Amino acid sequence: MTAEPASARGLARRFARDWLAPQWRWLALGVVFSALTAAAAYGYAEITTRAVDWLKDGDPRVFTIAPAAILALVLLRSSALFWQTQANNIGVQRALIHLQHRLFEKLISGDFSRLQAAASGAYVSRFSNDVQLIREASLRVATNLARSSLTVAACVLFMLLKDWPLALLLIVVYPVAFWPVVRLGDRIRRTSRVAQEQAGELSSFLTEAFQGARTVKAYSLEGRQIDRARSAFEERARLYLRILRSKALVDPFLEVMGGVALAGLFAFAGWRALAGEASVGEVIGFITAIGVASPEVRALGTLNSVLNEGVAAADRVYQELDQPSRVVDRPGAQTNFRSSGLVEADQVVFSYPGGAERSSSVLNGFTFRAEPGAVTALVGPSGSGKSTVFNLLLRLYDADAGQFRLDGVDLRNLSLSSLRGCFALVSQDAFLFEGTIRDNILLGRPGASSDDVLRVAREAACHFIDEAPLGLETPVGEGGRNLSGGQRQRVALARALLSEAPILLLDEATSALDSESEALVQDALARVAGRRTIIVVAHRLATVRAADRIFVLSSGRVVESGRHEELIALGGRYAELASGQLT
Ligand SMILES: Nc1ncnc2c1ncn2[C@@H]1O[C@H](COP(=O)(O)OP(=O)(O)O)[C@@H](O)[C@H]1O
Ligand SMILES: [Mg+2]
């Protein structure tokens with residue numbers, strides 16, 4: 001999981017340069033406050049030493065200067081700690097906002113095939129888990145590199161100046177004694193990671209269980225789901241117990257160590273003090289210095305593994321960021337292209353990326369022509385490549401061989417945005433975004449007038465709007481789930497009609513409509529035809545029989561074409577499909 005040390009360092013450096021360096025002002029401010037906290041730590045040890053010696057000598061400064069100095073140091077150190085943390089938080093947070101923004105932009109504008117390939121959960125995890133790991137690592141580096149090391153350095157300096165043999169002894173013994181605590185910390189975090197992943201699985205299981213409630217009920221799957229849930233809950237509880245057990249060990253362990261350290265210190269330092277080589281104040285000063293330095297040493301001890309996790313996460317993020325897009329604008333691509341609506345395909349061959357195990361291509365010499373203003377239909381058995389043709393027309397993928405042309409121009413010579421501006425797609429799933437019906441229709445042409453929205457809604461047979469109390473302002477719910485499949489299709493159709501794209505692509509766009517609504521939609525399309533090119537994919541022959549030209553697809557190739565009557569008379573594939581639907 002973790003990269004090689006050398007490349008891990010390279011990655012950390014790259015990350016720092018790309019994202020943290022622009023925030024150097026905040027991070028530098030953090031270093032300034034870190035230096036103040038370290039200075040205050042030194043001051044603590046110093047004032048403690050003096051106060052104890054004053055006390056021993058009966059010096060009245062012990063109740064004037066000492067309390068005042070301690071209060072001043074507390075004030076300094078606590079406010080410096082706060083501002084140091086804040087400066088780092090702000091710097092790192094800003095860096096991560098830029099990173100998330102860049103990552104989202106890259107993914108959403110990158111290749112469609114990539115977005116399709118991974119389970120969407122993988123991308124969600126880039127934004128939640130990975131960003132969280134990077135945040136922790138960045139904060140820890142920002143904090144520990146400055147504050148912890150400066151504080152430890154100040155405490156060590158104090159001890160060396162006061163009593164160097166004792167200081168050297170501590171510097172050797174201390175890390176050895178601390179090692180088990182550091183290991184324990186590592187174990188807790190590793191278990192936490194597993195628990196975190198398992199929490200992700202649990203939440204996707206729960207989401208699925210509740211979203212699929214209809215199927216669960218209909219097939220009486222409650223028992224099966226309850227069993228699956230029970231084992232997920234038990235697994236989670238088991239992991240939690242492991243984490244809690246490790247955590248429960250930390251405090252007793254620290255207690256023991258603190259006691260041993262105190263005992264050792266008194267033994268050694270007390271002996272030196274009695275021998276006249278150290279003052280009582282110095283012994284107390286040492287204890288203070290160790291107390292201040294301890295949490296910082298602990299933090300430094302676990303820094304490496306936090307950093308490794310952050311680097312592994314940054315590696316995953318960079319893999320997304322570094323991925324080049326394949327479907328891009330060619331240099332010199334035409335940007336202000338307006339199509340008259342002539343669409344042609346010429347000997348197109350295409351296989352889906354990663355679908356290499358298939359023996360034949362999805363499209364195999366696909367050739368067709370849709371005349372401007374005409375209604376052209378693609379029919380064929382499911383899996384014959386009809387939706388694939390639309391994917392290639394929109395350049396969600398590029399053809400392996402052959403070409404698609406708009407008004408005689410190869411699609412790849414047009415910029416992606418001007419190409420996609422030529423098409424309005426209504427797909428079978430008719431995806432709607434959370435918002436109102438009006439919001440969704442307006443996506444076809446933002447800024448269209450209310451009258452236009454109402455007109456296209458009517459044309460797309462959205463009469464259900466008139467019956468809803470909120471009308472066009474009815475919220476569609478997440479993904480449009482408040483609407484039925486047929487209602488969603490009609491809203492999607494209205495959206496397409498509102499757009500001024502010269503070519504309408506309808507992919508099983510009326511498959512969920514009742515025959516009455518479909519007849520209305522057909523009328524609307526008949527009115528649109530003549531002004532726009534319409535290419536329809538449909539299973540139901542009722543939808544395509546009026547088309548100006550029908551292309552019959554089989555295994556990614558056009559096997560016959562003509563008008564409905566001609567194809568029936570031909571007695572081939574189309575006639576076969578038609579007779580299947582009539583009986
Ligand atoms: N994203 C994809 N990745 C790999 N194969 C795909 C993908 N989409 C479709 N296919 C395959 O391509 C073939 C044609 O699919 P499609 O064009 O959707 O058929 P149709 O729309 O005619 O039912 C099918 O065999 C399908 O399994
Ligand atoms: Mg399809």
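The values are calculated or read from the model by the stated rules, or taken from the named source; none is laboratory data. Nothing here was measured: the structure is a model prediction, and the numbers come from that model. Note that each Cβ is placed from the backbone with ideal geometry, even for glycine, and that neighbours are counted across all protein chains shown. When the accessible area is computed, the model is the full protein with side chains, heavy atoms only, and any ligands, DNA or RNA have been set aside. Shrake-Rupley method; radii C 1.70, N 1.55, O 1.52, S 1.80 Å.
Keeping all protein chains in the complex and leaving out DNA, RNA and ligands, what accessible area do you get for ILE226 with a 1.4 Å probe, in Å² to the nearest 10?
100
If R₀ is 41 angstrom, what is the calculated FRET efficiency for the pair ASP439 and VAL176, using the beta carbon separation as r and rounding to 0.05? Please report the intermediate quantities before stating the final value.
Working: r = 65 Å, r/R0 = 1.58.
Here the calculated transfer efficiency is 0.05.
Could you work out what % of the accessible surface of the chain is carbon and sulfur, using a 1.4 angstrom probe and leaving DNA, RNA and ligands out of the count?
On the way: 17760 of 29870 Å².
C and S fraction of accessible area: 59 percent.
Once both axes come from the Cα atoms, what is the angle between helix 573-582 and the longest principal axis of the chain, in degrees from 0 to 90, rounded to 10?
Tilt of helix 573-582: around 90 degrees.
Just subtract the alpha-carbon distance of SER325 and VAL260 from 0.36 nm times their residue separation and send over the number in nm, one decimal. Walk me through the numbers on the way to the answer.
Details: separation 65, 0.36 × 65 = 23.40 nm, distance 6.07 nm.
The span from SER325 to VAL260 would gain 17.3 nm if fully extended.
Between rounded, prolate and oblate, where does segment 124-182 land on the alpha carbon gyration tensor, with a ≥ b ≥ c its root eigenvalues, rounded for a/c under 1.5, else prolate if a/b exceeds b/c? Don't skip to the end; give the middle numbers.
Numbers: a/c = 8.25, a/b = 2.46, b/c = 3.35.
Because a/c hits 1.5 or more and a/b fails to exceed b/c, segment 124-182 counts as oblate.
Leaving out ligands, DNA and RNA but keeping every protein chain, what accessible area does GLU516 have, in Å² rounded to the nearest 10, with a 1.4 Å probe?
Only protein atoms counted, so the area is about 140 Å².
If you filter segment 389-490 for GluC sites (Glu not before Pro), then keep DSSP loop positions with at most 15 other Cβ within 10 Å, what is left? Don't skip to the end; give the middle numbers.
Values: sites: GLU434, GLU459, GLU467, GLU473, GLU478; in loops: GLU434.
The qualifying sites are GLU434.
Taking the Cα centre of the chain as origin and charging only Cβ (+1 Lys, Arg; -1 Asp, Glu), how large is the dipole, in debye to the nearest 20? Write down the numbers at each step before the final one.
Working: 63 positive and 59 negative charges, 208 e Å.
Its charge dipole is roughly 1000 debye.
Roughly what would the spin-label model give for VAL559 and ALA526, points 7 Å off Cα along C-beta, in nm?
My value for the distance between the label points is 3.1 nm.
Considering the options ALA273, GLY185, GLN23, tell which one lies farthest towards the positive end of the dipole of the chain, charges being +1 on Lys and Arg and -1 on Asp and Glu at the Cβ, about the Cα centre.
Value computed over the given set: ALA273.
What ranking of THR48, THR37 comes out by heavy-atom accessible area, probe 1.4 Å, highest first? Show your work: numbers first, answer last.
Working: THR48 30, THR37 0 Å².
The ordering from most to least exposed comes out as THR48, THR37.
Nearest 0.05, what FRET efficiency do SER382 and GLU234 give at R0 = 35 Å with Cβ-Cβ as r?
0.25
Determine the per residue accessible area of segment 149-281 with all protein chains present and a 1.4 angstrom probe, expressed in square angstrom.
Details: 8540 Å² over 133 residues.
Averaged over the residues of segment 149-281, the accessible area is 64 Å².
Please list LEU75, LEU168 in order of solvent-accessible area, largest first, computed with a 1.4 Å probe with all protein chains present.
Working: LEU75 120, LEU168 85 Å².
The most accessible residue leads, giving LEU75, LEU168.
Largest first, what is the accessible-area ranking of ILE284, ILE108, ILE535 with a 1.4 Å probe?
Ranking ILE284, ILE108, ILE535 by accessible area, largest first, yields ILE108, ILE284, ILE535.
Residue separation times 0.36 nm, minus the C-alpha to C-alpha distance between ILE568 and ASP186: what's the value?
Stretched out fully, the ILE568 to ASP186 stretch lengthens by 130.2 nm.
Say the dipole of the chain comes from +1 at the beta carbon of Lys and Arg and -1 at that of Asp and Glu; which of ALA524, PRO175, VAL52 then lies farthest toward its positive end?
The listed residue farthest towards the positive side: VAL52.
Would you kindly find the accessible area of TYR174, with a 1.4 Å probe and non-protein molecules such as ligands, DNA and RNA excluded, rounding to the nearest 10 Å²?
Accessible area of TYR174: about 50 Å².
Determine the dipole magnitude for segment 276-407: charges of +1 sit on the beta-carbon of Lys and Arg, -1 on that of Asp and Glu, nothing else is charged, the reference point is the Cα centre, and the result goes in debye to the nearest 20. The partial results should precede the final answer.
On the way: 10 positive and 15 negative charges, 157 e Å.
Computed about the Cα centre, the dipole is about 760 debye.
If you place +1 on the Cβ of every Lys and Arg and -1 on the Cβ of every Asp and Glu, how big does the dipole about the Cα centre of segment 266-331 come out, in debye to the nearest 20? Mind dumping the intermediate values first?
Details: 5 positive and 8 negative charges, 14 e Å.
Here segment 266-331 has a charge dipole of around 60 debye.
Computed FRET efficiency, Cβ-Cβ of VAL250 and ILE108, R0 41 Å: what is it to the nearest 0.05?
Values: r = 43 Å, r/R0 = 1.06.
Efficiency at R0 = 41 Å is approximately 0.40.
Of LEU472, VAL491, GLY223, which is farthest towards the positive pole of the chain's charge dipole, taken about the Cα centre with +1 and -1 on the beta-carbons of Lys, Arg and Asp, Glu respectively?
Working it through, the farthest residue towards the positive pole turns out to be GLY223.
Across all directions of projection, what mean area in square nanometres is found for the Cα convex hull of the chain?
Working: hull surface 150.3 nm².
Mean projected area for the chain: 37.6 nm², to one decimal.
Over segment 376-496, with the other protein chains present, what is the accessible area per residue in square angstrom, probe 1.4 angstrom? Don't skip to the end; give the middle numbers.
On the way: 4860 Å² over 121 residues.
Normalised by residue count, the accessible surface of segment 376-496 is 40 Å².
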